[in-house]
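Nothing in this text is a laboratory measurement; each read-out follows from the coordinates by a stated rule. These numbers were taken from a predicted model, which means no experiment stands behind them. Glycine gets a Cβ as well: all are built from the backbone with ideal geometry, and neighbour counts include every protein chain shown.
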Amino acid sequence: MKKIYILALAVASLLTTTSCEDFLTEDVRGQENLDTYFQTEAEADKFLTGCYQAITFDDWWQIDNFWNLCDMCTDDYWMGNTTQDQSGYISLAHYQGTGQENGTIANFWQYRYKGILKCNIAIERIPQANIADENKKNLLIAEAKFLRGYFYFELVKNFGGVPIVKGFVMPEEISGITRASEEDVWALVEQDFKDAAAVLPNRSKQAASETGHATKGAALGMLGKAYMYQGKYAEAKTCLKQVIDSGEYQLMENFGDIWDVDHNNNKESIFEVQAIYDETYALGSFRSIISGPRDVSDQDGWAWGLPTANLEAAFKEAGDDIRLKWTIIKNGATEIAGEDNFAELVEAQGNKNGDGTYCIPPKSHKSARISRKIFIPYAKRPEKFEKGRIPLGQRILRYADVLLLYAEACNETGDDATARKYLNEVRNRVKLPGVTTSGNDLRQDIRKERRLELALEGHRLDDLRRWKEDGEPLIAKIMGPNGSFVKWNTDPATRDSYEWDNQKEASDKGISFDKSRDLLFPIPLYEITMSNGTITQNPGWK
């Protein structure tokens, strides 16, 4: 079965447009040239594979690391690892205002634009390809537009207005480029998703060999998210309802199956990064290792990104036992949801706690907790349990997210009955009673539900930035010197003993949050320098 794997051949990065006239009189043998590429459908297909590969590229530090950082900037995740240098995360995750030269930010910016370049080339050159099937040609272009829209979506929501680059242009052609307005970038995102949705097939019409490719549902779902982030609730309602009414997606019956390694591309998954285990090539995902426990066995992780006690308390307050056990694993656990070989797992750890329980050493883990969503059961682990070899697909957009966004859009436009219907559909899966609230109370219920349903999946920071409370972004109520998260973690009545006893990562994370600065990440300093100042910095960053 053909799939778009995380480390699919990056065909686009192997192509060159450099003239050889300076040192040779003929083309370099063994290299492809864009002027002679795109002669066949097969070549266009291969190039598009390179565009998909740009979602995460070929290692953890380009994109996955940034996704991890975003969760660290919320009340759901600590940096976690307290035995190694934290400088790559602390300036931003703890809102210290010194992140312009942050490597994680710089890499993400650079590689998102590399992905955009690949898509621009595909959009520009595939129309010239010798592809007899016009529908196939249009499909390839639509997929490239979907991916470009997604890459710009990730940039604009994190940095605000960014430079817009269309087409295949050389560096000298964009000299003096400036940042487009946020509105103009959102307009590009919307148009790319609209163009893609008009051409892409429904998932049920997609060949098995095309698993992992964008679909109409993915384009409409992402367009709906784009509308929600801009507060365009009426437009979002229309768009998201199309995804629901398509009948293409359903909630998984068991919450624990959503992220199960045996249920990649399940009926709830709308768009997902593909991954397999390959002994020779790194074709798998990274998060199970990046955020896995360390100092316990030869199958260690790195412990970057660990769930907070505050998140655990939110599950308990809601009486949400099902999602709690499938979201957080805690040091001293006597069982792990879905782990049928618990005794063997503990033995492989060397019984580090000395009592037959699962060990997440508190001395090296801020919260002594890890994410269950990316945990791989012992018997399902590949022979080489290491980064790039974990066969767990990355769920980027799933149906529960769409249902909750639709419920939110309905509530914001005064249709509380419909909002309750779809909110309760999500709650019913995990045996929670239906809500009967309206107005602002219903709004709060939807927000709580998004935190619990989508915890540790990379949505929390976006939600906290876009939601308003008393006219302010909600994140300004949670972070800052009077923020609820800071107070919760430092108050003896509520603070967690594991977290308080390990101050190698400070418990007052977020105390320096500044709403005039921290609603966006800083533009990488090198971009400003290389542009000779035509690209300007976000407010508040020095």
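Taking 24 Å as the cut-off for C-alpha to C-alpha distance, list the pairs among Lys157/Lys366; Lys157/Lys232; Lys225/Lys366; Lys157/Lys487; Lys136/Lys166; Lys225/Lys448 that go past it.
In this structure, Lys157/Lys366; Lys225/Lys366; Lys157/Lys487 lie more than 24 Å apart at Cα.
Tell me whether the range 361-494 comes out rounded, prolate or oblate; compute the Cα gyration tensor, take square roots of the eigenvalues as a ≥ b ≥ c, and use a/c under 1.5 as the rounded threshold.
Note, shape of the range 361-494 comes out oblate.
Amide H to amide H under 5 Å from Glu272: which residues, 5+ apart in sequence or cross-chain, H placed 1.01 Å off N in plane?
Amide H to amide H, under 5 Å and 5 or more residues apart or across chains, Glu272 pairs with Ile396.
Can you give me the angle between helix 439-453 and the longest principal axis of the chain, using Cα atoms only, in degrees from 0 to 90, rounded to the nearest 10?
80
Note down the magnitude of the dipole of the range 400-542 about its Cα centre, charges +1 on Lys and Arg C-beta and -1 on Asp and Glu C-beta and zero elsewhere, to the nearest 20 debye.
Magnitude of the dipole: close to 40 debye.
How much of the DSSP bridge set in the chain is antiparallel, in percent, rounded to the nearest 5?
Antiparallel bridges: around 80 percent, rounded to the nearest 5.
Which order results if Thr529, Thr74 are arranged by neighbouring Cβ count within 10 Å, fewest first?
Fewest-to-most Cβ neighbours within 10 Å comes out as Thr529, Thr74.
Taking the chain as the reference, fit the longest principal axis to its C-alpha atoms, fit the long axis of helix 134-159 to the helix C-alpha atoms, and give the angle between the two in degrees, 0 to 90, nearest 10.
Compared with the principal axis, the helix lies near 50 degrees.
With only Lys, Arg, Asp and Glu charged, each at its Cβ (+1 for the first two, -1 for the last two), find how big the charge dipole of the range 377-431 is about the Cα centre; round to the nearest 20 debye.
Dipole magnitude for the range 377-431 comes out near 580 debye.
What number, rounded to the nearest 500 deg cm²/dmol, is the helix-based mean residue ellipticity at 222 nm of the chain, given -39500 (n - 2.57) per DSSP H run of at least four residues and division by all its residues?
Counting only the DSSP helices, I get -12000 deg cm²/dmol.
Could you work out Rg/(2.2 N^0.38 Å) for the range 230-296, with Rg from alpha carbons only?
It is 1.57.
Long-range amide H contacts for Trp78: which residues qualify at under 5 Å (H placed 1.01 Å from N, peptide plane, sequence gap of 5 or more or a different chain)?
Leu306, Thr308
Only four residue types carry charge here, +1 at the Cβ of Lys and Arg and -1 at the Cβ of Asp and Glu. Report the dipole size of the chain about the Cα centre in Debye, rounded to the nearest 20.
960
Separation of the range 380-437 and the range 31-94 by C-alpha centroid, Å?
Answer, in whole Å: 24.
Work out the charge dipole of the range 394-542 with +1 on the Cβ of Lys and Arg and -1 on the Cβ of Asp and Glu about the Cα centre, then indicate which of Leu461, Leu432, Thr534 is farthest towards its positive end.
The listed residue farthest towards the positive side: Leu432.
Normalised by the empirical 2.2 N^0.38 Å for globular proteins, what value does the Cα Rg of the chain take?
Cα Rg divided by the expected 2.2 N^0.38 Å: 0.97.
Going by average Cβ neighbours within 10 Å, how do the peptides 507-517, 47-57, 406-416 rank, with the highest at the top?
47-57, 406-416, 507-517
Going by C-beta contacts inside 10 Å, put Ser175, Ser269, Ser285, Ser364 in order with the fewest on the left.
So the ranking, lowest neighbour count to highest, is Ser175, Ser364, Ser269, Ser285.
If we count other beta carbons within 10 Å of each Cβ, what is the order of Lys373, Lys384, Lys468, fewest first?
With the fewest neighbours first, Lys373, Lys384, Lys468 line up as Lys468, Lys384, Lys373.
Are there any GluC sites (Glu not before Pro) in the range 211-271 that are in a DSSP loop and have at most 14 other Cβ atoms within 10 Å? List them by number.
Glu253
Within 13 Å, Cβ to Cβ, of Thr327, how many net charges do the neighbouring residues add up to if Lys/Arg are +1 and Asp/Glu are -1?
+2
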